[in-house]
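Engineer: Encoded as structure tokens, here's the structure I'll be asking about.
The values are calculated or read from the model by the stated rules, or taken from the named source; none is laboratory data. Keep in mind that what you see is a predicted model, and the values were worked out from it rather than measured. Cβ coordinates were reconstructed from backbone atoms using ideal geometry, including for glycine residues, and neighbour counts include every protein chain displayed.
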């Protein structure tokens, strides 16, 4: 597998929160993540529960859809940003079918660490997730 | 009959030059006055001569008396001497002897008249006789020896007789002299009367002459100058000039010039008035603009047809009314005054807003008020031009609504597109994702399942690229995506493209050539879209070049455009297919190319993209294979490629 600075077990033990209103996509994500070997996966199809779950579950990474009914991904990005401490590095990977530049820019500006358009390459998504988690672990190691 | 020659004489007179007239007017009375003076002189000299004559006559009288007196005294003395023989009685005789010659001599000189002279000559004779008589008597009486009383007696008698003769001669001389004097006196009186008469006549003529001179002066100059002055005044006031007879002296010529000036002025004035009238008529008949004038305080002073049409009032109804009544109540109190003030301060004031018609209805007006000033800059009033903009406002409103609707429709379309995109991609994500997962673990399946999984994944990918291209085309055609035109340096752009496309070409097993033009410049393009176009062209070239061995990327610099050229040495495109090249879903020679993946949207999309940035996409048949030209405008800024950018691109 890929050369890593962090032990893969440490990465696979990270908590992952996936939010997408589409059941099929949640199923796909869970499938991909389980296949990779992640054990702590929390999936949500109702974005209204997202913030509560976020605070309770304290994920190491969030996989976030943008276009959702009631509460959209941008609002959630803002809420997560407000909740986190200033020196917290909790990566959010936006996965969306909205391919417009505007959406991409807005999401990244609101604090998303990465952006992948749907339909995505499952392998690529897996790699991006593990990369972001690796960064988070390295960052937390640096913290006093 | 008598008037004609007088007139012609006057005419002759008025035609003379002024210098001549001056000479005549001054010289004529002067000459007459001089002649009067001369006659006065003649009269006085005649008088002086007459006085001389009188004086001389008196002298003659006196001298003749003296002659008589001397002789009488001498005779008395001699008688006394004869009687007494005393010497003292001879004194008068001796005095007479000495004085008489002188006196006689004076008389001789004084007497001029011939008759008198005749008597004088006789007087001389008798005086001589008397003297002789006296001297002989004295001699007789003095001789002591010859005393002859009788002769003495005789001598004395003779003496007395001769004295009587003297007396008579003297009387004669005096009488004739008196007659001569009287005659002379009469003559002198006549001469004097004559000359005095002449003087009087001269004086009268002189007076008449000066009156005539003054008359001539006044007719010849003063009256005409004053008429000329009157005409000049009329000219200044612009009135018609009084007709003056044609005369050829200086005043006449001046009058003629004045008349000509007046005619010119009148013609010019006539032109001006005609043009003003034309202008007034034009303004009056303008129907689409309300044009009217205000005095300094804003009271309407003129009104045209357009004003009547727009506002409803006729000229009779609105003249002398204040223009604030055109304003609706809410602005009436301040806006009219503000407008006038602005026009006064800035020369003109423009405003657009509601105005009121006669019937109380409102209309949307464009109003321009211009201050009218005379040559000295003194404010004379205002001109006001009003346009009824209601129609235009309505159409502008309609246009605005239409534009808003179009914008809204466009926004809706954009939203629909992005929504569609999202809605189509979302299920595809699951399909493709799971398909990929199945492919990854294909060893778990049997071969016919594996094949089915492969077909699902392939069809899913095809569907995805279809959706992508279709949405791209739609969003470009809807103008839903922004075009970001910027100067793109050609060389760097080509190098970037080469780097991006090299793997595609390589995977097709072809050689990839890059020709960068020696002269660099920039193009005005949306970098992302331009990249997409060229990549698509390269992708096509790689995909369809089944017979050749290379793909070439280059650029041609033209006057104001740059063409990015992608060509290959493959089979090319059949001439019959060229017209349908850029039509969506028209995959040329579908049957032959079934093996080649494609949506049939690539070139249509590329053309749309090129056109969206004011460029173009054309196909040219090359010697061998196909050649596509993607043209974009050249940037006026010229080549702006920083060196480090070029360096990065090639690295």
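Engineer: Taking the stretch A:108-122 on its own, how many of its residues are under 15 Å from residue A:90 (Cα atoms) and touching a strand residue (DSSP E or B) at 6+ places or on another chain (Cβ under 8 Å)?
Structural biologist: Number satisfying all stated conditions: 6.
Engineer: Can you go through A:85, A:52 and tell me which one is more than 14 Å from chain B (Cβ to nearest Cβ) and in a loop (DSSP other than H, G, I, E, B)? Spell out how you get there, then give the answer.
Structural biologist: Values: A:52 fails: in a loop (DSSP other than H, G, I, E, B).
A:85 is the lone residue from the list that is more than 14 Å from chain B (Cβ to nearest Cβ) and in a loop (DSSP other than H, G, I, E, B).
Engineer: Consider residue B:217 carefully, then state whether it is in contact (Cβ under 8 Å) with a residue 40 or more places away in the chain, touching a helix residue (DSSP H, G or I) at 6+ places or on another chain (Cβ under 8 Å), assigned to a helix (DSSP H, G or I) and surrounded by 11 or more Cβ atoms within 10 Å (Cβ to Cβ).
Structural biologist: Values: in contact (Cβ under 8 Å) with a residue 40 or more places away in the chain: yes; touching a helix residue (DSSP H, G or I) at 6+ places or on another chain (Cβ under 8 Å): yes; assigned to a helix (DSSP H, G or I): yes; surrounded by 11 or more Cβ atoms within 10 Å (Cβ to Cβ): yes.
Yes, satisfied.
Engineer: Taking the stretch A:88-102 on its own, how many of its residues are within 14 Å of another protein chain (Cβ to nearest Cβ) and in a loop (DSSP other than H, G, I, E, B)?
Structural biologist: Matching residues across the stretch A:88-102 total 4.
Engineer: Right, something else. Scan the stretch A:14-22 and tell me whether some residue there is buried (at least 16 other Cβ atoms within 10 Å of the Cβ), within 14 Å of chain B (Cβ to nearest Cβ) and more than 29 Å from residue B:439 (Cα to Cα).
Structural biologist: Looking for residues that are buried (at least 16 other Cβ atoms within 10 Å of the Cβ), within 14 Å of chain B (Cβ to nearest Cβ) and more than 29 Å from residue B:439 (Cα to Cα), one finds none in the stretch A:14-22, hence no.
Engineer: Follow-up. Applying the selection to the stretch A:1-42, what residues are assigned to a loop (DSSP other than H, G, I, E, B) and in contact with a helix residue (DSSP H, G or I) (Cβ under 8 Å, 6 or more places away or on another chain)?
Structural biologist: First, the residues of the stretch A:1-42 that are assigned to a loop (DSSP other than H, G, I, E, B): A:1-7, A:13-14, A:20-22, A:37-39.
The answer is A:1, A:2, A:4, A:5, A:6, A:14, A:20, A:21, A:22, A:37, A:38, A:39.
Engineer: Any residue at all in the stretch B:380-402 that is more than 11 Å from every other protein chain (Cβ to nearest Cβ) and within 30 Å of residue B:471 (Cβ to Cβ)?
Structural biologist: yes
Engineer: If we keep just the residues of the stretch B:307-323 that are free of Cβ contacts under 8 Å to residues at least 40 places away in the same chain and crowded, with 17+ Cβ neighbours inside 10 Å, which is farthest from residue B:372 (Cα to Cα)?
Structural biologist: First, pick out the residues of the stretch B:307-323 that are free of Cβ contacts under 8 Å to residues at least 40 places away in the same chain: B:308-309, B:314-316, B:318-322.
Filter once more, so that each one left must be crowded, with 17+ Cβ neighbours inside 10 Å: B:308, B:318.
On the way: B:308: 22, B:318: 20 Å.
Per the stated criteria, the residue is B:308.
Engineer: Would you be able to say whether some residue in the stretch B:484-505 is assigned to a helix (DSSP H, G or I), touching a helix residue (DSSP H, G or I) at 6+ places or on another chain (Cβ under 9 Å), outside the structural domain of residue B:530 (by TED's automatic domain parsing) and in contact (Cβ under 8 Å) with a residue 60 or more places away in the chain?
Structural biologist: no
Engineer: Consider residue A:46 carefully, then state whether it is in contact (Cβ under 8 Å) with a residue 24 or more places away in the chain, more than 14 Å from every other protein chain (Cβ to nearest Cβ) and more than 20 Å from residue A:135 (Cβ to Cβ).
Structural biologist: Yes.
Engineer: Farther than 30 Å from residue B:408 by Cβ and more than 11 Å from chain A (Cβ to nearest Cβ) - does that describe any residue in the stretch B:419-442?
Structural biologist: Within the stretch B:419-442 (the criterion being farther than 30 Å from residue B:408 by Cβ and more than 11 Å from chain A (Cβ to nearest Cβ)), the answer is yes, since at least one residue qualifies.
Engineer: Residue by residue through the stretch A:103-144, note down the ones that are within 12 Å of chain B (Cβ to nearest Cβ) and within 13 Å of the chain's Cα centre (by Cα).
Structural biologist: Across the stretch A:103-144, the qualifying residues are A:116, A:125, A:126.
Engineer: If I filter the stretch B:325-334 for residues that are within 19 Å of residue B:287 (Cβ to Cβ), modelled with pLDDT under 90 and either out of contact with any strand residue (DSSP E or B) (no Cβ under 9 Å at 6 or more places or on another chain) or in the same structural domain as residue B:300 (by TED's automatic domain parsing) (or both), do I get at least one hit?
Structural biologist: Of the stretch B:325-334, the ones within 19 Å of residue B:287 (Cβ to Cβ) are B:326.
Next, from what is left, pick out any that are modelled with pLDDT under 90: B:326.
Narrowing the set further to residues that are either out of contact with any strand residue (DSSP E or B) (no Cβ under 9 Å at 6 or more places or on another chain) or in the same structural domain as residue B:300 (by TED's automatic domain parsing) (or both) leaves B:326.
The answer is yes; a qualifying residue exists.
Engineer: Return the residues of the stretch B:349-367 that are surrounded by 13 or more Cβ atoms within 10 Å (Cβ to Cβ) and either in contact (Cβ under 8 Å) with a residue 60 or more places away in the chain or more than 13 Å from residue B:335 (Cα to Cα) (or both); say none if nothing qualifies.
Structural biologist: B:356, B:357, B:358, B:363, B:364, B:365, B:366, listed by residue number.
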